[in-house]
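Just below is one structure, and these are the notes that go with it.
The values are calculated or read from the model by the stated rules, or taken from the named source; none is laboratory data. All figures in this text were calculated on a predicted structure; none of them were measured in a lab. Please note: Cβ atoms are built from the backbone with ideal geometry, for glycine as well, and neighbour counts cover all protein chains shown. Quick note on the areas: whole protein, heavy atoms, side chains included, nothing else; ligands and nucleic acids left out. Shrake-Rupley method; radii C 1.70, N 1.55, O 1.52, S 1.80 Å.
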Number of protein chains: 2
Amino acid sequence: MSTDFPHIPTPDAPTHRETVARHLRLTKPAGSLGRLEELGVFVAACQGQCPPRPFARPRVVIFAGDHGVAAHGVSAFPSEVTAQMVSNFLAGGAAINAMAATAGATVRVLDLAVDTDDAYPEAVTAHKVRRSSGSIDREDALTDAEVVAAITAGRAIADEEVDGGADLLIAGDMGIGNTTPAAVLIAALAGAEPVAVVGRGTGVDDQGWMRKAAAIRDGLRRARKVSANPVALLRTVGGADIAAMAAFLAQAAVRKTPVILDGLVSGAAALVAEELAPGASEWWVAGHRSVEPAHALVLEQLNLKPILDLDLRLGEGTGAVAALPLLSMAARVLAEMATFDDAGVSGRTIPLPELKVKNGGWR
Amino acid sequence: MSTDFPHIPTPDAPTHRETVARHLRLTKPAGSLGRLEELGVFVAACQGQCPPRPFARPRVVIFAGDHGVAAHGVSAFPSEVTAQMVSNFLAGGAAINAMAATAGATVRVLDLAVDTDDAYPEAVTAHKVRRSSGSIDREDALTDAEVVAAITAGRAIADEEVDGGADLLIAGDMGIGNTTPAAVLIAALAGAEPVAVVGRGTGVDDQGWMRKAAAIRDGLRRARKVSANPVALLRTVGGADIAAMAAFLAQAAVRKTPVILDGLVSGAAALVAEELAPGASEWWVAGHRSVEPAHALVLEQLNLKPILDLDLRLGEGTGAVAALPLLSMAARVLAEMATFDDAGVSGRTIPLPELKVKNGGWR
């Protein structure tokens, strides 16, 4: 059945050790590149190759979908913005387009559940599950058949990307109202109270914040009953976009492809993905720490230390793409730097006091 | 006289205001790109143009020089490594080469005071002041004529770069022992005790740390007498490389060119540069927070908030180059994103609660 994931392998341990050792031979003081060294070890271990190949095809996939709960005043923007932003992505006018171009990544946009009559190119709607998802404070987000369709779509999308040569994946989100189901999923899986996960999203005022808190409270009451079953959780309080994203993140790990996580929505999908496919998180790094309060719970649950902390709260994959050049640098340092022997550079006259790069240190 | 800098202009205030306003019209929730928005405003205000031009020629200039104090056991590496690393930079095998290439920057290496018989290309030695600088724990780093020569060199180098089209400058350091004079300069200007500024540099052991602490104590005793005069301070406890770097950073501001500061040595030079040319720091952002304890004093004195915090302690400009893609993204977001009107994206249905981007917010 398509919602059952195979056993997830770990990144390659011998390559991990070999890369830690290679860092000590490169022409720099041991450990002096700090977290960049750890990120380089992560990339090499994912590829099973030391030195790692510089990324050839980093890809951002945006999962767009509307959410019924947006009709109940939980967002500062109207639902029509989801469809308008899909057109904006396709025209290259959104933040993720400018940022991905700078980082050398390409962007793919998919309508999983946008509530629109707009006619997008067939490539955009190929994996569409439905128009909008149910209002999770009062009804299920998806039917049994729809949640299976969304998970199947997410896995297929990851397979398409990896088969197409993608060697680094980023999942971006677009959907007015989507921080409400994301917060519910996080609270359900982290065992948190509603007040700990309510954020301002795109910038709701105090009245909107109270409506959002109430919707999260009601959604969470419905979620608690199914929180031990990740597929049922996505059906009850997720949505087609988030379910597909969770499956995409899990399938990236199946396909041994490293992922940079973005913020709140990507984090909620990641928490569920780790339930769908335990061990998938070994293939992910956290691009940044979001302003959204529930994101801290994601980082804690997944034991991930964010690379950046820049007060971002946009989504679309922007916080992951912002960190991509650092991963690229980390890989190229290992691939391109000379060793002490190669360059004829003298080593230390004082012995190395301690090894600064720890196994698993990127976490 | 070449050590007198002209009045430093501020980045353009009307452009600053115009860029803050432009951010509100771009297709994203107001303030949702956090510090990236502030960095974009900084770039635009430096250029006096909204939207800013994406960087055409970001440049890293490495100031290489030896330090007499290295003979007294303050570093984990022997002095000959400075010359060997200059050759490594020229061959493209150092960390800064791989990282700058990823960020789209080019690297220039200059021998200001390397203690070597190696024959470098003339372009590398064109601004050479002397072989090594004096051991600052017991003698002046430079003569009166040499400090003037080094400052003149630093200004000329900045002028050459800006005249050559550089629109973003980074000063990198290379010099075994250079964290000792850097720590003394910082302690002298921040009014700190030696113990607050002694770091591990390239990784000295406890014995080396004690020798370094003693050298800093002795250097600081000599520095205190001249700490009100930045030129005398550079002559007494700086060095030709650091003096040239300080003048380069000040002259970048004279030439209205933005700078990303690196870590400890670049920070020490920056503190002195702000004394040489008050207001120069308005043209700088801090690329990262170094592991070196004295670097925190630099950030505090200059009121700069680092972009990255990745446990780096390499120098060469690596911590600044690591942040360069984020500045590039910040500029391209302003230059390339559609506005709500352009893209036909609906605005907020709930009014904006507060303006998130503050004037001068990048500091």
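Would you check if B:A64 is more than 9 Å from chain A (Cβ to nearest Cβ), farther than 26 Å from A:L312 by Cβ and either modelled with pLDDT of 95 or more or in contact with a Gly (Cβ under 7 Å, 6 or more places away or on another chain) (or both)?
Considered against the rule, which asks whether it is more than 9 Å from chain A (Cβ to nearest Cβ), farther than 26 Å from A:L312 by Cβ and either modelled with pLDDT of 95 or more or in contact with a Gly (Cβ under 7 Å, 6 or more places away or on another chain) (or both), B:A64 comes out as yes.
B:S281 - would you say it is touching a residue at least 60 places away in the same chain (Cβ under 8 Å), among the hydroxyl-bearing types (S, T, Y), assigned to a helix (DSSP H, G or I) and touching a helix residue (DSSP H, G or I) at 6+ places or on another chain (Cβ under 9 Å)?
Details: touching a residue at least 60 places away in the same chain (Cβ under 8 Å): no; among the hydroxyl-bearing types (S, T, Y): yes; assigned to a helix (DSSP H, G or I): yes; touching a helix residue (DSSP H, G or I) at 6+ places or on another chain (Cβ under 9 Å): yes.
No: the conditions fail for B:S281.
Among the listed residues A:L304, A:L310, A:L326, identify the single one that is of a type in the set (A, V, I, L, M, F, W, C), at the interface with another protein chain (Cβ under 8 Å from one of its Cβ atoms) and in a loop (DSSP other than H, G, I, E, B).
A:L310
Residue by residue, here is whether (1) open to solvent by 20 Å² or more (accessible area, probe 1.4 Å); (2) of a type in the set (A, V, I, L, M, F, W, C); (3) more than 29 Å from B:T202 (Cβ to Cβ); (4) within 14 Å of the chain's Cα centre (by Cα) holds:
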| residue | (1), (2), (3), (4) |
| --- | --- |
| A:V291 | yes, yes, yes, no |
| A:K305 | yes, no, no, yes |
| A:G317 | no, no, yes, yes |
| A:V333 | no, yes, no, no |
| A:D342 | yes, no, no, no |
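Here is a list of conditions, (1) in the same structural domain as B:V231 (by TED's automatic domain parsing); (2) of a type outside the set (S, T, N, Q); (3) under 12 Å from B:L334 (Cα atoms), and B:F42 meets all of them except one; can you say which number that is?
(1)
I want to confirm something. Restricting to the range A:137-156 and keeping residues that are under 22 Å from the mean Cα position of the chain (by Cα) and assigned to a loop (DSSP other than H, G, I, E, B), which single residue is surrounded by the fewest Cβ atoms within 10 Å (Cβ to Cβ)?
A:L142
Anything in the range A:75-127 that is more than 10 Å from every other protein chain (Cβ to nearest Cβ), of a type in the set (A, V, I, L, M) and farther than 30 Å from B:L324 by Cα? List them, or say none.
A:L110, A:L112, A:A113, A:V114, A:A119, A:A123, A:V124, A:A126
Which one of these is among the small types (G, A, S) and either part of a loop (DSSP other than H, G, I, E, B) or open to solvent by less than 10 Å² (accessible area, probe 1.4 Å) (or both): B:A166, B:A188?
B:A166
Given A:F42, A:F5, which one is within 14 Å of another protein chain (Cβ to nearest Cβ) and under 20 Å from the mean Cα position of the chain (by Cα)?
A:F42
Would you mind finding the one in A:T180, A:T106, A:T116 that is more than 24 Å from A:A273 (Cβ to Cβ), in the same structural domain as A:D66 (by TED's automatic domain parsing) and not acidic (D, E)?
Selected residue: A:T116, the only one of A:T180, A:T106, A:T116 that is more than 24 Å from A:A273 (Cβ to Cβ), in the same structural domain as A:D66 (by TED's automatic domain parsing) and not acidic (D, E).
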